[in-house]
Each structure stands twice: as structure tokens, then as C-alpha cells.
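Below you'll find the structure, written out as C-alpha cells, and then a few comments.
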Amino acid sequence: MAITQAMCTSFKVELLTGTHNFTNSTGDTFKIALYTSSATLDATTTAYTASNEVANGNGYTTAGETLTNVTPTSSSTTAYTDFADVTWSTASFTANGALIYNDTAAGDPAVCVLDFGADYTATNGDFTVQFPTANATDAIIRIA
């Protein structure tokens with residue numbers, strides 16, 4: 001089992017068919033779900049799954065947290081979007097990676113997989129996923 005960081009291939013196709021709207025406040029709802037090291041997530045992941053997701057309880061709710069979108073913009077020839085950091089408070093769990101998915105679209109289509117590189121554990125404290133700076137070089141979703 002492995003989690004491999006990737007923009008999901010199905011997401012790339014869905015962009016061309018208008019499945020996803022990242023506009024803040026009027027767009028789709030995107031969520032981030034956390035997974036254990038037993039999960040298999042990579043570029044071939046097509047949708048949210050509860051398989052090997054962090055267990056419900058102890059500060060985590062199955063299906064993850066809702067993300068706050070940063071409305072897409074561009075710089076030079078790169079379009080990009082990002083999300084505000086997300087924190088699970090009073091958390092007591094371990095996660096090895098995450099899946100960002102569209103909770104509004106039918107079938108909860110996958111957007112991208114985040115590989116944390118190792119297990120990270122919170123013990124009755126905050127567990128935060130910190131997104132990179134929203135710019136053309138660093139944003140979590142960039143199309144150049």
C-alpha cells in the first residue's frame with residue numbers, strides 16, 4: 001500500500017468537461033479526507049473512498065473537512081488555485097496522506113492526492129494541513 005502525491009488523471013479530464021468550479025463562495029464544495037499508511041492513493045484515484053481513511057472519532061469525522069477555496073487566478077501563463085490551511089482541533093489520530101475531492105459533483109470526484117511522506121500523529125492537539133502559498137510557482141493546483 002502506498003500514497004503517491006499526484007494530480008488525479010480523472011481530474012484533468014473533468015476540467016475539460018466543466019465538472020469542477022473552484023470559485024470561492026459560489027463554486028463547488030471541496031473537502032480533504034485523511035488516510036492511514038494502509039491506503040493506496042495515486043494519480044489513478046478517481047473518487048473519494050472511505051477505505052483506509054483515518055477512523056471516525058478522536059477529532060476526525062469520516063469524509064474529512066470542508067476546504068475554503070482561493071478563487072482561481074493567473075500570473076503570466078500559469079493559472080492556479082489553492083485552499084486555506086485546515087486544522088482538526090483536539091485531534092488524536094495518525095495520518096499518512098490526504099485526498100482532496102469535489103463533494104458537490106456526483107460521485108465525489110478526486111482532485112489530488114497529498115503524500116505526507118511519513119505518518120504524522122496528533123495527540124489531543126491540533127492536526128493541520130498547511131497549503132503552499134497561492135501563487136503561480138507554489139499553489140497546490142497549477143496549470144502552466
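Taking 8 Å as the Cα distance limit and 6 or more residues as the minimum spacing, I'd like the relative contact order of the chain as a percentage.
Computed value for the chain: 30 percent relative contact order.
Residue by residue through the range 60-65, which ³J(HN,Hα) values in whole Hz follow from phi under the Karplus form 6.51 cos²θ - 1.76 cosθ + 1.60 (θ = phi - 60°), with glycine and proline marked x?
Per-residue couplings from phi come out as 10, 10, 3, 5, x, 10 Hz.
Can you give the calculated 222 nm mean residue ellipticity of the chain, where each DSSP H run of n ≥ 4 adds -39,500 (n - 2.57) and the sum is split over every residue, rounded to the nearest 500 deg cm²/dmol?
Mean residue ellipticity at 222 nm (helix-derived): -1500 deg cm²/dmol.
Using Kirkwood radius over Cα pairs in Å as the read-out, say which of [x] 15.3; [y] 15.9; [z] 17.4 was calculated from these coordinates.
So the structure-derived entry is [x].
For residue 93, which sequence-distant residues (separation of 5 or more, or a different chain) have an amide H within less than 5 Å of its own amide H, given hydrogens modelled in the peptide plane?
Counting only residues 5 or more places away or on other chains, the set is 122, 124.
Explain nothing, just compute: Karplus ³J(HN,Hα) = 6.51 cos²θ - 1.76 cosθ + 1.60, θ = phi - 60°, for every residue of the range 19-28 in order, whole Hz, x for Gly and Pro.
6, 10, 10, 8, 4, 5, 6, 10, x, 6
Sequence-distant or interchain residues sharing an amide H contact under 5 Å with residue 24, placed H: which?
Correct list: 71.
Which percent of the accessible heavy-atom area of the chain goes to carbon and sulfur, probe 1.4 angstrom?
47
At a Förster radius of 25 Å, what calculated FRET efficiency corresponds to the Cβ-Cβ distance of residue 79 and residue 105, to the nearest 0.05?
0.80
For residue 9 paired with residue 121, estimate the spin-label separation in nm (one decimal), with each label point 7 Å from Cα along the Cα-to-Cβ line.
The answer from the label model is 3.6 nm.
Solvent-accessible area per residue for the chain at a 1.4 Å probe radius, Å²?
Accessible area per residue: 49 Å².
The values are calculated or read from the model by the stated rules, or taken from the named source; none is laboratory data. It should be emphasised that the depicted structure is a prediction, and the values quoted were computed from it without experimental measurement. Please note: Cβ atoms are built from the backbone with ideal geometry, for glycine as well, and neighbour counts cover all protein chains shown. For the accessible areas, the whole protein counts, side chains as well, though only heavy atoms, and no ligand, DNA or RNA atoms are used. Shrake-Rupley method; radii C 1.70, N 1.55, O 1.52, S 1.80 Å.
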